[in-house]
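Inspection log for the structure reproduced underneath, given as structure tokens.
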Amino acid sequence: MTAETQTQSKIKVGIDAMGFSGAQCYIDMVDLAKARGVDPAKFIVGIGQKQMSVATPCEDTVSMAALAGRKALESFNIDPSEIGTLIIGTETGIDHSKPATAYVHELLGLPTNCRQFETKHACYGATAGLTSAADWISSGRARGRKALIIASDIARYGIDTPGEPTQGAGAVAMVVSENPRLFELDMNCVGDFSSQVMDFWRPLYSKYAFADGHYSIDCYLEALAHSLKDAQSVSDDLDRFKPDNLAACFYHVPFVKMARKAHTCFLEQHIDRKLDLQDVADKEIFTKSYGELTAPWLSVNAQVGNIYTGSLFLSMIDFISQENRDLENRDISIFSYGSGCGASFMLAKVVDGAMDYAQALNPRAELDRRQKLTIEEYEKIVALAEDIDMNDGLAPDPARWNLKGDIFYLGTHNHSRQYGPQSMRGQLQRVS
Ligand code: HMG
């Protein structure tokens, strides 16, 4: 170890609090498959998705981020005055210039000496925020304060595209601190990988992502292998990377089947050969490992869909909410991938007592309150999304979508986005 890494290793840093806020509506993947003339087994088994969250016109990157951030602070008794950095990772930003954090900073009542900015790197944005926050704390610049990192996105590929069954919407907030109550990050063995690839992107003129879907899967797996090797190259204990020594392996989850492919790749790196899943012994190795380390924490992702940069962290919320106390004090692996592409592989420890927060993090109530849409209703929402950001355009009505609470997107007036109580709606043309 170098002197520099020895200094770094003395400072404990990690995820102290989390919160999830999803979109208000969802569609069933069987309904979507039938409407598209596809065998439902392709979406349910082939892709691994059961449902897909759909954001109403009153929900955007800011409103979902603010609600997730507030949940993380309130559920873990953190006062807004303790936050010294606010970062939102998103690839569905609401302004070319002004960061979503400017609105969320106000909505959450954060202090004026709290710095705030947005990070963008496809699904890697929040991880970039997380590691930057950990570095901010490790450097001593935080002055004992905490960082609030929020992943917030609405994934849109468009009607009847191959990516359509891999959409979703939601936000995950994380508070990073010196005394983490959930996951302690090991900042001494973070492996990184970057490469300019055209696997997935969204040009300035499009609300919809473009994807070279099958190529993006190859890019993801390539990035996993490289970032894992990079992490191993700076670790002084390679045994910690062995699947048998890990309590859980978390991956970016654009769709559930992708995490399965990722875990196959991880095992192959470990045994240094390809797995042949037609072979009985190899199948047994894979089924046991995937069934113990990855599959148990994917059920929420299967109901929410791809929330882009928050998808990885959503499965970590699922993990804690299952309250498996035997997994405390154990190492986990975390792999984050963002198309374009950038990736990190890291290890972390489940903190002793982390499972005390199982109830606080349980996302079931959030999922149960969602409203089921018909495919026609979903298509109408998709069409509305085209106009909803126009100046003095449509004014979305929270009551129309049974939205409770107090943070909504209310349309754009005088070229300014409007959030919060319904005061501005009178000045805008109502959506019927
Ligand atoms: P596709 O081409 O329509 O699907 O799109 P397919 O033909 O590849 O089939 C998918 C799977 O279903 C296959 O399984 C089929 O065999 C199976 P696999 O071979 O992969 O194991 N299948 C069936 N299974 C049971 N019964 C059936 C049946 N039919 C087929 N009847 C694709 C799939 C994922 C390419 C598409 O949805 C897509 O383009 N998605 C968007 C891109 C994406 O999610 N890429 C993932 C890696 S990149 C990433 O994660 C970054 C990202 O999140 C963006 C960011 O960073 O911001 C996307």
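In the chain, helical runs assigned H by DSSP with n ≥ 4 each contribute -39500 (n - 2.57); averaged across all residues and rounded to the nearest 500, the mean residue ellipticity at 222 nm is -9500 deg cm²/dmol. Projecting the Cα atoms of Tyr409, Pro396, Pro363 onto the charge dipole of the range 350-411, computed from C-beta unit charges around the Cα centre, puts Pro363 farthest toward the positive end.
Remark on Tyr251: its backbone amide H falls under 5 Å from those of Phe335, a criterion applied only to residues 5 or more positions apart or on other chains, H modelled at 1.01 Å from N.
Coupling constants for the range 379-392 follow from the phi torsions by the Karplus curve (6.51 cos²θ - 1.76 cosθ + 1.60, θ = phi - 60°), and in residue order they are 5, 5, 5, 4, 5, 4, 4, 5, 9, 5, 9, 6, 5, 6 Hz; glycine and proline get x.
Between the listed residues Phe319, Phe255, Leu267, the Cα displaced farthest toward the positive end of the dipole of the range 206-337, a dipole computed from Cβ unit charges relative to the Cα centre, is found at Phe255. Mind checking which of Val175, Thr112, Ala65 is farthest towards the positive end of the chain's charge dipole, using Cβ charges of +1 (Lys, Arg) and -1 (Asp, Glu) about the Cα centre? The residue sitting farthest along the positive end of the dipole is Thr112.
Restricting to the chain, compute how many DSSP beta bridges are antiparallel as a %, nearest 5.
Numbers: 44 of 66 bridges.
Once the DSSP bridges in the chain are tallied, antiparallel ones form about 65 percent.
Sequence-ordered 3J(HN,Hα) estimates for the range 57-73 from the Karplus curve with 6.51, -1.76 and 1.60 and θ = phi - 60° stand at x, 8, 10, 9, 4, 6, 5, 5, 5, 5, 5, 5, x, 5, 4, 4, 5 Hz, glycine and proline given as x.
Amide hydrogen proximity for Phe200: with H placed 1.01 Å from N in the peptide plane, the residues at 5 or more positions away or on another chain lying under 5 Å are Asp212, Gly340.
For a 26 Å ceiling on Cα separation, which of these pairs sit above it: Lys12/Lys71; Lys146/Lys207; Lys42/Lys372; Lys257/Lys372? Please list the in-between numbers first.
Working: Lys12/Lys71 24 Å; Lys146/Lys207 34 Å; Lys42/Lys372 21 Å; Lys257/Lys372 24 Å.
Too far apart for the 26 Å limit: Lys146/Lys207.
Each residue of the range 220-227 is assigned a 3J(HN,Hα), and the resulting list reads 4, 5, 4, 5, 4, 4, 5, 6 Hz, derived from the Karplus form 6.51 cos²θ - 1.76 cosθ + 1.60 (θ = phi - 60°), x at Gly and Pro. Charges were assigned to the Cβ only: +1 to each Lys and Arg, -1 to each Asp and Glu. The resulting dipole of the chain about its Cα centre is roughly 720 debye.
Amide H contacts for Leu394 (H built 1.01 Å from N in the peptide plane; partners 5 or more residues away or on another chain; cut-off under 5 Å): none found. Taken about its Cα centre, the range 154-300 carries a charge dipole of about 560 debye when Lys and Arg each add +1 at the Cβ and Asp and Glu each add -1 at the Cβ. Among the trypsin sites (Lys or Arg not before Pro) within the range 86-150, those in coil by DSSP and having at most 15 neighbouring Cβ atoms inside 10 Å are Arg141, Arg143.
None of the figures in this text is laboratory data; all of them are computed from the coordinates on show. If you're wondering where the values come from, they're calculated on a predicted model, not measured in any experiment. Positions of Cβ are generated from backbone atoms using ideal geometry, with glycine treated the same way; all protein chains shown enter the neighbour counts.
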